[in-house]
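Taking it in order: structure first as structure tokens, then the write-up.
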Amino acid sequence: MKSVLITGGAGFIGSHVGQALLKQDIRLAIIDNFNDYYSPQFKRENIELLYKDGKQSGSLCLYEGDIRDKEFVEKAFAKFLPDVTIHLAASAGVRPSIVDPELYVKQNIVGTMNILEAMRSVGTKKLIFASSSSVYGNNKKVPFSETDNVDRPISPNAATKKSCELLCHTYHHLFNMNIACLRFFTVYGPRQRPDLAIYKFTQNIIDGKPIHVFGDGSTMRDYTYIDDIVDGVLKAVRWVDNEEKRYDIFNLGESNTITLKQMIEVIQAAVGKRAIIIKEGMQQGDVERTYADISHSKEVLGYNPSTEFSQGIRAFVEWYKSNRM
Ligand SMILES: NC(=O)c1ccc[n+]([C@@H]2O[C@H](COP(=O)([O-])OP(=O)(O)OC[C@H]3O[C@@H](n4cnc5c(N)ncnc54)[C@H](O)[C@@H]3O)[C@@H](O)[C@H]2O)c1
């Protein structure tokens, strides 16, 4: 039986990946500190879902603690001895990283270093690292390709993700670790983080409250539905689980751009109500557009996203109405 450890497994992406893994014949462990970046109760509910959904609580174990605590991380790794680690725990979000860059450096860079060191000390060698489309900054060339130069980040979040990709490469080179860095492009769907625009807009439109729209509505995002991300992560798990020494970076997006204006229209249609819009200036650190070239992920991983944006938004709004109202 394979064993997989997910850091940040109580969160949005981690809990979906965990659910998918529990359907397979694996032992699963989760490290999470249930921080209050958003309601820790939502994260507890995600864990409950994992126990219930998998109906295999025997194969799920939870290590509650902080990845910044080196000793805690090493003990968890020594006890569980994962074949594969999926490292998702981080401070996510671009705008909050401008307010508290030190937190991002500690959570993301020191936290990732602790994971890599724990892997080295127990001799486990397969890692998936959650990077971000934010590393592309205001890349002019579209779609964004993994071979594009990403030495000009425009937020602390992006700078820490890029730093982690570099650390991952170093550990791959020095200690023969197989590592896939996955650059996620704005992930959405049921259980998504409440700090993200799709969630906040849906909530406010339903409640008849105004939504704050930054810029003129022309900024574009490549929104990726959670099921497609889970599919990409599982394919990356298979890719790192190989005897051959491997390191690579993969874009996980839909390769389809939606403007902010279109996004609001699609949410309005799914909710069946018009938004009250308050226009604001562009936010510092926000990029103008994200757009993933996924040809490399398709070719190497067999990644093949298939969720149309309006379909994904309908699924999200349905989930929101049944679970958050
Ligand atoms: N959601 C997106 O659109 C998106 C886009 C790009 C990259 N990512 C990356 O994917 C990963 C998962 O994102 P998500 O949207 O599921 O976020 P999330 O906040 O829902 O999940 C992160 C989880 O990590 C845990 N965590 C954070 N710091 C920790 C620490 N120091 N020790 C232990 N646990 C800790 C949190 O409690 C949370 O449960 C993150 O690394 C994020 O940067 C997400």
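Tabulated results
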item	result
Conditions (1) touching an Asp or Glu at 6+ places or on another chain (Cβ under 7 Å); (2) modelled with pLDDT under 95; (3) among the hydroxyl-bearing types (Ser, Thr, Tyr): number failed by residue 145	(2)
From the options 38, 63, residue that is out of contact with any strand residue (DSSP E or B) (no Cβ under 7 Å at 6 or more places or on another chain) and surrounded by 15 or more Cβ atoms within 10 Å (Cβ to Cβ)	38
Residue 160 being of a type in the set (Ser, Thr, Tyr) and in contact with a Ser or Thr (Cβ under 9 Å, 6 or more places away or on another chain)	yes
Residue list for region 276-297, filter: more than 28 Å from residue 216 (Cα to Cα) and exposed (fewer than 15 other Cβ atoms within 10 Å of the Cβ)	295
Residue list for region 232-256, restricted to those being in a helix (DSSP H, G or I), over 20 Å from residue 176 (Cβ atoms) and either among the hydrophobic types (A, V, I, L, M, F, W, C) or at pLDDT below 95 (or both)	233, 234
Subset of region 178-207 [at pLDDT 95 or above and among the small types (Gly, Ala, Ser)]	180, 189
Members of region 184-229 found to be within 16 Å of the ligand (Cβ to nearest atom) and either more than 21 Å from residue 253 (Cα to Cα) or touching a His at 6+ places or on another chain (Cβ under 6 Å) (or both), listed by number	200, 201, 202, 226
Which listed residue is within 16 Å of the ligand (Cβ to nearest atom), in contact (Cβ under 8 Å) with a residue 40 or more places away in the chain, buried (at least 23 other Cβ atoms within 10 Å of the Cβ) and in a helix (DSSP H, G or I), from 181, 164	164
Index of the failed condition, residue 85 passing every other in (1) closer than 23 Å to residue 194 by Cα; (2) surrounded by 24 or more Cβ atoms within 10 Å (Cβ to Cβ)	(1)
Which listed residue, of 90, 29, 10, 78, is crowded, with 18+ Cβ neighbours inside 10 Å, more than 9 Å from the ligand (Cβ to nearest atom) and modelled with pLDDT of 90 or more	29
Flag if residue 257 is surrounded by 17 or more Cβ atoms within 10 Å (Cβ to Cβ), within 24 Å of residue 142 (Cβ to Cβ) and touching a Leu at 6+ places or on another chain (Cβ under 8 Å)	no
Sole exception among (1) closer than 18 Å to residue 155 by Cβ; (2) within 17 Å of the chain's Cα centre (by Cα); (3) within 11 Å of the ligand (Cβ to nearest atom) for residue 128, by number	(1)
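The values are calculated or read from the model by the stated rules, or taken from the named source; none is laboratory data. Because the structure is a prediction, the values reported are computed rather than measured. Cβ sites come from the backbone with ideal geometry, for glycine too, and all protein chains shown count toward neighbours.
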